Amino acid sequence: MASKNVPNSPSDIEAEERRGLLNTGDEESDHDEWQHKGKLRDGEDTTWSQRKIATTALVVIGLLITGTFARTVLFGGPRMRSAHANVVSFNGTDLFKKTVVLVSIDGLRADYLDRGLTPHLLAISKKGLRAKSMRPIFPLTADILIKEPLVPNVRSLNMLRQTNALPKYRTGLYAESHGMVANNFWDPVRKDEFHYNKVSCVWDPNWWFGEPMWETAEKAGVTTANLMWPGPPKTRTGGSSTYFIPWKDKVPLDVKLNQILTWIDLPVDKRPQLIMAYEPSLDQAGHATGPNSKRVNETLVKVDTFAKDLHDSLAARNLTDIVDVIFVSDHGMTDTSHPEPVWMDDIMGEEGISAIAHEDGWPSMGLRFHNNANVSKHLDELLRASEKNPEKFHVYTHETMPERYHFANNERIAPVYVVPEIGYILTTHAEGNTGMSKGNHGYDNEERSMQAMFVAHGPFSVQAKVQHQRRSRDTELAARANDGWHSTSDDAYIMKTFQNVEIYNLIIKLLGIDAYASHNNGTVGFWDQYL
């Protein structure tokens, strides 16, 4: 929303965007007041009475006792704890260690925030900061449609289950690194196929590579809580969250809010410092009725209300300056209600279709051919068709896959990948558009409709603004200060688009457990410009 006093010329707008918007006058006034309170008034008696001495002694003894208790609570226990993770704050009633609440709103396209339906998320972003968008990893084939209940409290009709999108958050890895390369895929090493609708696959941790952030945190002695975040309850190494509530469909947002607050209200020695919550309703609406539908807009309003209620609940507990709250999404959504088909059987013929041993992914198509197939012939057929129709689809091998996809260095990735452009689907005359949803993702991760969102509020965002302002004052650092983000005339701080694999390092950094960080694909030092 534009400000009432918007600069008119491009140069004025540029100057406004590059201007730090924090008012240092308030900070200086607070500092002066603090100095004033620390000084004695003129003529004030500086002698100490016996009562004052006794009172002071009691206060010191009380502090020593309290400090001993706090040290026992905060640093005791069988697990080795990170010293940084145990930095404490006081909200007026209780002690709080570094705390992060990470909420993933599945399918919240970045430009959904521009529809005028999310005033509370935008208000939170103005108090904190917001990214222009967050770029998802490729491929974005994250949702698994399970058509019938499979496990109590975990599966239900039309449930959407993440395989690709969420591992990038929790591990900071690209698909080629975390191994979930498609909704279904063949693993030539295991000589087994991962199926999205088989519990034996989805809940088998050996399919999932990488170390999720909650495992890293637990290794550092940080208590974590997992609220319906998709994935197996335990990792390949046996790691798990202290608190784990498995995925269940159709859980109202107020129920999830109450669970988050229940964890926040636990005693300090029981309270999780990392709370991760997942909400799929917006993605489900996008698939069912398309991104421009009434249902999507109505769901967006509900999500925005949830964000407000979470913020207000933390504010009522005097925690907005203590708890970092980060809202993210895993990908966007595009309209696929009337896609144009690319007929694979017309391109490859009956012989080529029959030669396919395994077909991975959607809407992209990973192809593995039978051992006796003429792979070169079928690849040439696909390449020629792609060259004639570059606006419809592209064909890649591991050697020609775009480097920016980071989707080649894993044996699970099929040797031939056909990637459609938005507006097109890969199918055969026999399959047609059967089962096609009105909204989908999985296309080029640089497309605008595929972009995810990032909004943060809490001590992290305040510190980031101060850092930005400090650098902006230094003419030598001004360019660097504005290289990662800019400010706008309505007091919003907008970060430039960044990769979602950076989220892992952000959470680890906010918790103060950098020394425990697992190897990941995030950019070394990326968050140094903000923290």
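The values are calculated or read from the model by the stated rules, or taken from the named source; none is laboratory data. Predicted model, so just to flag it, every value in this text is computed and none were measured. Reconstructed Cβ throughout: ideal geometry from the backbone, glycine too, with neighbour counts over all protein chains shown. Surface areas here come from the heavy atoms of the whole protein model, side chains and all, with no ligands, DNA or RNA. Shrake-Rupley method; radii C 1.70, N 1.55, O 1.52, S 1.80 Å.
Keeping to the range 213-235, report how many residues are of a type in the set (A, V, I, L, M, F, W, C), open to solvent by less than 10 Å² (accessible area, probe 1.4 Å) and within 19 Å of the chain's Cα centre (by Cα).
6
What's the number of the condition Asn292 fails, among (1) in contact (Cβ under 8 Å) with a residue 60 or more places away in the chain; (2) in a loop (DSSP other than H, G, I, E, B)?
Here Asn292 meets the rest and fails (1).
Test Asn258 against the stated conditions and say whether it is at pLDDT 95 or above and open to solvent by 10 Å² or more (accessible area, probe 1.4 Å). Lay out the reasoning, then the answer.
Working: at pLDDT 95 or above: yes; open to solvent by 10 Å² or more (accessible area, probe 1.4 Å): yes.
It is true that Asn258 is at pLDDT 95 or above and open to solvent by 10 Å² or more (accessible area, probe 1.4 Å).
Looking for something among the polar types (S, T, N, Q), open to solvent by 10 Å² or more (accessible area, probe 1.4 Å) and touching a Gly at 6+ places or on another chain (Cβ under 7 Å) - is there at least one such residue anywhere in the range 262-279?
Keep residues of the range 262-279 that are among the polar types (S, T, N, Q), which gives 262, 273.
If we keep only those that are open to solvent by 10 Å² or more (accessible area, probe 1.4 Å) too, we end up with 262.
Of the ones still in play, those that are also touching a Gly at 6+ places or on another chain (Cβ under 7 Å) are none.
Scanning the range 262-279, I find no residue that is among the polar types (S, T, N, Q), open to solvent by 10 Å² or more (accessible area, probe 1.4 Å) and touching a Gly at 6+ places or on another chain (Cβ under 7 Å), so the answer is no.
Is it true that Ser364 is surrounded by 14 or more Cβ atoms within 10 Å (Cβ to Cβ) and modelled with pLDDT under 95? Steps first, answer last, please.
On the way: surrounded by 14 or more Cβ atoms within 10 Å (Cβ to Cβ): yes; modelled with pLDDT under 95: yes.
Criteria met by Ser364.
Which residue is nearest to Ala430 (Cα to Cα), if the candidates are limited to the range 328-355 and must be hydrophobic (A, V, I, L, M, F, W, C) and open to solvent by 30 Å² or more (accessible area, probe 1.4 Å)? Give the steps one after another, and end with the answer.
So the first thing to find is which residues in the range 328-355 are hydrophobic (A, V, I, L, M, F, W, C), and the list is 328, 333, 342-344, 347-348, 353, 355.
Filter again for open to solvent by 30 Å² or more (accessible area, probe 1.4 Å), leaving 343, 347, 353.
Values: Trp343: 10, Ile347: 14, Ile353: 11 Å.
For the range 328-355, the residue satisfying everything is Trp343.
Taking the range 428-450, which residues are within 13 Å of Thr336 (Cβ to Cβ) and open to solvent by 100 Å² or more (accessible area, probe 1.4 Å)?
Within the range 428-450, Asn433, Lys438 qualify.
Does the range 411-425 include one or more residues that are over 22 Å from His178 (Cβ atoms) and of a type in the set (Phe, Trp, Tyr)?
Yes.
Which of the residues spanning the range 301-314 are open to solvent by 20 Å² or more (accessible area, probe 1.4 Å), under 14 Å from Leu257 (Cα atoms) and not polar (S, T, N, Q)?
Matches in the range 301-314: Lys302, Lys308, Asp309, His311, Asp312.
Any idea which residue in the range 238-256 is farthest from Ala225 (Cα to Cα), counting only those that are touching a strand residue (DSSP E or B) at 6+ places or on another chain (Cβ under 9 Å) and in a helix (DSSP H, G or I)?
Across the range 238-256, the extreme among qualifying residues is Leu253.
Specify the residue that is most open to solvent (accessible area, probe 1.4 Å); the eligible residues are those in the range 169-187 that are of a type in the set (Phe, Trp, Tyr) and not in a loop (DSSP other than H, G, I, E, B). Break it down stepwise before answering.
Restricting attention to the range 169-187, the residues satisfying the condition of being of a type in the set (Phe, Trp, Tyr) are 169, 174, 185-186.
Checking which are not in a loop (DSSP other than H, G, I, E, B) leaves us with 169, 185-186.
On the way: Tyr169: 0, Phe185: 0, Trp186: 60 Å².
Among residues in the range 169-187 that are of a type in the set (Phe, Trp, Tyr) and not in a loop (DSSP other than H, G, I, E, B), the one most open to solvent (accessible area, probe 1.4 Å) is Trp186.
Need the failing condition index for Phe460 against (1) assigned by the TED database to the domain that holds Ile322; (2) of a type in the set (Phe, Trp, Tyr); (3) modelled with pLDDT of 95 or more, just the number.
Among (1) assigned by the TED database to the domain that holds Ile322; (2) of a type in the set (Phe, Trp, Tyr); (3) modelled with pLDDT of 95 or more, the lone unmet condition for Phe460 is (3).
Of the residues Arg271, Arg190, which single one is basic (Lys, Arg), under 24 Å from Tyr417 (Cβ atoms) and part of a loop (DSSP other than H, G, I, E, B)?
On the way: Arg271 fails: under 24 Å from Tyr417 (Cβ atoms).
Exactly one residue qualifies, and that residue is Arg190.
Quick one: Glu399 ticks every box in (1) over 34 Å from the mean Cα position of the chain (by Cα); (2) closer than 25 Å to Gly210 by Cα except a single one, so which number is it?
(1)
Scan the range 460-470 for residues that are within 13 Å of Val323 (Cα to Cα) and open to solvent by less than 40 Å² (accessible area, probe 1.4 Å) and jot them down.
Phe460, Ser461 - these are the residues of the range 460-470 that are within 13 Å of Val323 (Cα to Cα) and open to solvent by less than 40 Å² (accessible area, probe 1.4 Å).
Among the residues of the range 199-212, are any aliphatic (A, V, I, L, M), surrounded by fewer than 23 Cβ atoms within 10 Å (Cβ to Cβ) and assigned to a helix (DSSP H, G or I)? Step through it out loud before you land on a result.
The first filter runs over the range 199-212 and keeps only residues aliphatic (A, V, I, L, M), leaving 199, 202.
Adding the requirement that they be surrounded by fewer than 23 Cβ atoms within 10 Å (Cβ to Cβ) leaves 199.
Subsequent filtering for residues that are assigned to a helix (DSSP H, G or I) retains 199.
Looking through the range 199-212, at least one residue is aliphatic (A, V, I, L, M), surrounded by fewer than 23 Cβ atoms within 10 Å (Cβ to Cβ) and assigned to a helix (DSSP H, G or I).
Just to confirm my filter: which strands (runs of 3 or more DSSP E) fall fully inside the range 323-376 and include at least 3 residues that are under 31 Å from the mean Cα position of the chain (by Cα), under 30 Å from His457 (Cβ atoms) and touching a residue at least 24 places away in the same chain (Cβ under 8 Å)? Spell out the reasoning first.
Working: elements: 323-328, 340-343, 356-360, 365-369.
Fully inside the range 323-376 and qualifying: 323-328.
So, restricting to strands (runs of 3 or more DSSP E) that lie completely within the range 91-140, which ones have at least 1 residues that are in contact with a Ser or Thr (Cβ under 7 Å, 6 or more places away or on another chain), buried (at least 24 other Cβ atoms within 10 Å of the Cβ) and assigned by the TED database to the domain that holds His457? Write out each step before concluding.
On the way: elements: 95-97, 99-105, 129-131.
Filter on the range 91-140 gives 99-105, 129-131.
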